[in-house]
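Read through the structure below, which is laid out as structure tokens, and then see the notes.
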Amino acid sequence: MSPINKVIVNNQTDINPIWIMRQAGRYLPEFREVRKKNPDFIKLCLNSDLSSEITLQPIKRFDLDAAIIFSDILMLPYGLKQHVEFKKNIGPILGELNLSKISKLDEIDFIEMIHPVYKAINLVSKNNLTKNKSTIGFVGAPWTLLVYMINRQSPKIKLKDGFFDDVFLINRLLTILEKFLKLHIKKQIESGAEIIQIFDSWAGLLEEKMLPNYVYIPTLNLVEYTKSLGVPVICFPRGIKDYKNYCEIVKPSAICIDYEVDPLEILKNIKIPVQGGMDPKILLTDKENIKKEAEKYLDIFKDHPYIFNLGHGVLPETNPSTMDYLVKMVKDY
Ligand code: CP3
């Protein structure tokens, strides 16, 4: 069993495995090189040879314990034939949402759209470079996907007015998303994913009374489904204030925390394995400070099953040599 799975499945506390969200990305010159030649992000995600190569880029440089497949949570709406485009300096822009068209899609249509993602997972999990490392597959949580599909761009700080008005649309979409997210999870596992992470990047936008309908219930369904396939599932409900309640209801195998939550509170209130936490901006400071901040998390979770990671994705401005320092520092702790 690879170190991350040992922490999650066996609650092991004597090892400090590490992987970093967005570890394959713009802070790496070799990624920017491939990206320059491939301006269409979706096409790049659908090129199995290139996306598996990008997935392995950080593994070649650093002693990370997981390879997270180079893809995007928005491949799901793409697979449902909603237009998805990534605009430089703006982010994702989605096309018109046509519910009747989406309702007619079946599993074969979806797989036809995104099957190269599964081939990439297969290539990565079979590669010698990932021996004794976990291959991580992922999905966006239903709520976060709903946000992108209805809002049609990043909500940044707020949802567009009237977001919740069309109750029929929202409920139909949640049902459809559940069906295709389960399929997407199953196909990733069949292709070699040994862990699934569920990203709920916009969980923090909701008031508490909305959480059961939009976050807890739909995510719990996916967590139970993933566990039923015998694979651990890490949830990342970014910005949620009450991680304790979330863990008690959704019951993920491990919880990934953001950088706004106090790790001491997490240690006190949460019994399941924990991942992440450190602010990605710390990696833009000096080594002494990085060591101090990373050790804060390692000290707090010394006797708790813990996977080192950041509290959100690594920033594009990060120097690769800083990542090298961090990985070595965590391994030597
Ligand atoms: O290394 C990895 O972590 C694996 C690959 C990965 C990407 N996106 C690649 C990517 C993963 C796990 C994601 C998840 C994702 N995508 C989330 C959840 C995590 C989070 O950041 O909150 C979300 C919300 C998205 C949607 C998305 N994709 C946005 C908002 C953007 C534009 C903003 C940005 O960060 O660039 C993307 C583009 C994207 N996805 C890039 C990468 C490497 C940048 C593409 C580029 O311009 O080169």
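The values are calculated or read from the model by the stated rules, or taken from the named source; none is laboratory data. Computed from a predicted model, the values in this text were never measured in an experiment. Here Cβ is always computed from backbone atoms with ideal geometry, including for glycine, and neighbour counts include all displayed protein chains. Ligands, DNA and RNA are excluded from the accessible area calculation, which covers all protein heavy atoms including side chains. Shrake-Rupley method; radii C 1.70, N 1.55, O 1.52, S 1.80 Å.
Go through the residues of region 235-246 one by one and say whether even a single one is in contact (Cβ under 8 Å) with a residue 60 or more places away in the chain and charged (D, E, K, R). Checked region 235-246: at least one residue is in contact (Cβ under 8 Å) with a residue 60 or more places away in the chain and charged (D, E, K, R). Just the residues that are open to solvent by 60 Å² or more (accessible area, probe 1.4 Å) and either part of a helix (DSSP H, G or I) or near the ligand (Cβ under 10 Å from one of its atoms) (or both), please, taken from region 1-28. Scanning region 1-28 gives 6, 9, 10, 22, 26.
Six or more apart or on different chains, Cβ under 6 Å: which pairs go from a residue in region 67-93 that's in contact (Cβ under 8 Å) with a residue 60 or more places away in the chain to one that's open to solvent by 30 Å² or more (accessible area, probe 1.4 Å) and within 6 Å of the ligand (Cβ to nearest atom)? Could you list them? Once the first residue is in contact (Cβ under 8 Å) with a residue 60 or more places away in the chain and sits in region 67-93, its partners that are open to solvent by 30 Å² or more (accessible area, probe 1.4 Å) and within 6 Å of the ligand (Cβ to nearest atom) give 73/199; 92/86.
Residues in region 66-85 that are more than 10 Å from the ligand (Cβ to nearest atom) and open to solvent by 10 Å² or more (accessible area, probe 1.4 Å): 4 in all.
The rows are residues; the columns are (1) free of Cβ contacts under 8 Å to residues at least 12 places away in the same chain; (2) within 16 Å of the ligand (Cβ to nearest atom); (3) open to solvent by 50 Å² or more (accessible area, probe 1.4 Å); (4) in contact with a Cys (Cβ under 9 Å, 6 or more places away or on another chain).
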site: 252; (1), (2), (3), (4): no, yes, no, yes
site: 264; (1), (2), (3), (4): no, no, yes, no
site: 272; (1), (2), (3), (4): no, no, no, yes
site: 277; (1), (2), (3), (4): no, yes, no, yes
site: 292; (1), (2), (3), (4): yes, no, yes, no
site: 318; (1), (2), (3), (4): no, yes, no, no
site: 327; (1), (2), (3), (4): no, yes, no, no
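Reported count of residues in region 158-207, each being of a type in the set (Asp, Glu) and either in contact (Cβ under 8 Å) with a residue 60 or more places away in the chain or touching a Lys or Arg at 6+ places or on another chain (Cβ under 6 Å) (or both), is 3. For region 198-217, filtering for residues that are open to solvent by less than 20 Å² (accessible area, probe 1.4 Å) and not aliphatic (A, V, I, L, M) leaves 2.
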